[in-house]
1. Keeping to the stretch 156-177, report how many residues are open to solvent by less than 40 Å² (accessible area, probe 1.4 Å), outside any loop (DSSP other than H, G, I, E, B) and without any contact (Cβ under 8 Å) to a residue 60 or more places away in the chain.
2. Suppose we filter the stretch 47-68 for residues that are assigned to a strand (DSSP E or B) and open to solvent by 40 Å² or more (accessible area, probe 1.4 Å); how many remain?
3. Anything in the stretch 136-152 that is open to solvent by less than 20 Å² (accessible area, probe 1.4 Å) and out of contact with any Cys (no Cβ under 6 Å at 6 or more places or on another chain)? List them, or say none.
4. Could you please find all residues in the stretch 69-83 being open to solvent by 10 Å² or more (accessible area, probe 1.4 Å) and either over 19 Å from Ile30 (Cβ atoms) or assigned to a strand (DSSP E or B) (or both)?
5. Across the stretch 182-238, which residue is most open to solvent (accessible area, probe 1.4 Å) among those that are closer than 23 Å to Val141 by Cβ, in a loop (DSSP other than H, G, I, E, B) and among the basic types (Lys, Arg)?
6. Determine whether Pro28 is within 24 Å of Met162 (Cα to Cα) and exposed (fewer than 14 other Cβ atoms within 10 Å of the Cβ).
7. Say we look at the stretch 84-95 and pick out the residues that are among the charged types (D, E, K, R) and under 8 Å from the mean Cα position of the chain (by Cα); which of these is most open to solvent (accessible area, probe 1.4 Å)?
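The values are calculated or read from the model by the stated rules, or taken from the named source; none is laboratory data. As the structure is a computational prediction, the values presented were derived from the model and not from experiment. Every residue, glycine as well, gets a Cβ built from its backbone with ideal geometry; the counts of neighbours run over all protein chains shown. These accessible areas exclude ligands, DNA and RNA; they are computed on the full protein's heavy atoms, side chains included. Shrake-Rupley method; radii C 1.70, N 1.55, O 1.52, S 1.80 Å.
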Amino acid sequence: LKPEYTANQDAIERVRQEILLSRDIAHPNILRVYHLASYEGGTYLTMRWIRGGTLADIISGQGALPVPEVLTLATKLSSALAAAHRSNILHRDIKPGNILVDNDGEPFLADFALARLIGERGLTQHGVFVGTPHYCSPEQVALEELDERTDIYNFGLVLFEMSTGRKAFEAETVAKILAMQRSTPAPDPTTISPKVPGELAAIILRCLAKDPADRIPTAKELEEALGRVAEDLEAEDR
């Protein structure tokens, strides 16, 4: 870990929390983190080795993913997210750079450093923004209390990017991006990529509803909805 990172005791405590939280989640698509320790003046973290790259690398290299691949990755990742939520753990920073994909195409949700127990007091101070501007929810921008539906929104942004090859919200400044996350409706993915099935586009747009009450309420229901789209596409191909 970089010395400027480990010099911050709060940052070290976040990493330690990531290890403890991720150990509590039993799911094959959540990256296992093993140890945090020091050696010869440095601090290191050990985790499962994944041969491959990040989802961000894949999208950067090839743009929009084929629809079957989107559905396979998204179904497995939403299942992993549902497992985290069953353990009362929010991720709060779901983005392509925090998703690893191995050489066999298996995805792994990583980096629970921003995670906190749902409803528990975490390490983040109240009224402090956490997350990544391109992948944050309206509630994160407004510094409101978060629940599972903020992860649903974040994941919807990743789904949008996997399906279209571009981010849902782009602007010249971080402030403008945050304002768009809070109040600008997401564009219909089918207007960017006609290959996106209408059923998948509808799921993405529902995940990206500004009002949490209008979103798919749980990761489990999201997993099931994605599974139905995959089954329908397979039936059409037969």
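1. So in the stretch 156-177, the residues open to solvent by less than 40 Å² (accessible area, probe 1.4 Å) come out as 156-165, 168-169, 171, 177.
Checking which are outside any loop (DSSP other than H, G, I, E, B) leaves us with 156-164, 177.
Now restrict to residues that are without any contact (Cβ under 8 Å) to a residue 60 or more places away in the chain: 156, 160, 177.
Looking only at that region, the number is 3.
2. Let us first name the residues in the stretch 47-68 that are assigned to a strand (DSSP E or B), namely 47, 52-54.
Filter once more, so that each one left must be open to solvent by 40 Å² or more (accessible area, probe 1.4 Å): 47, 52.
Total meeting the criteria: 2.
3. Within the stretch 136-152, Cys136, Ser137, Pro138, Glu139, Gln140, Thr150, Asp151 qualify.
4. Glu69
5. Here the residue is Lys210.
6. Judged against the criteria, Pro28 is a match.
7. Initial filter on the stretch 84-95 (among the charged types (D, E, K, R)): 86, 92-93, 95.
Then keep just the ones that are under 8 Å from the mean Cα position of the chain (by Cα); that gives 92-93, 95.
Working: Arg92: 11, Asp93: 13, Lys95: 46 Å².
Out of the qualifying residues, it is Lys95.
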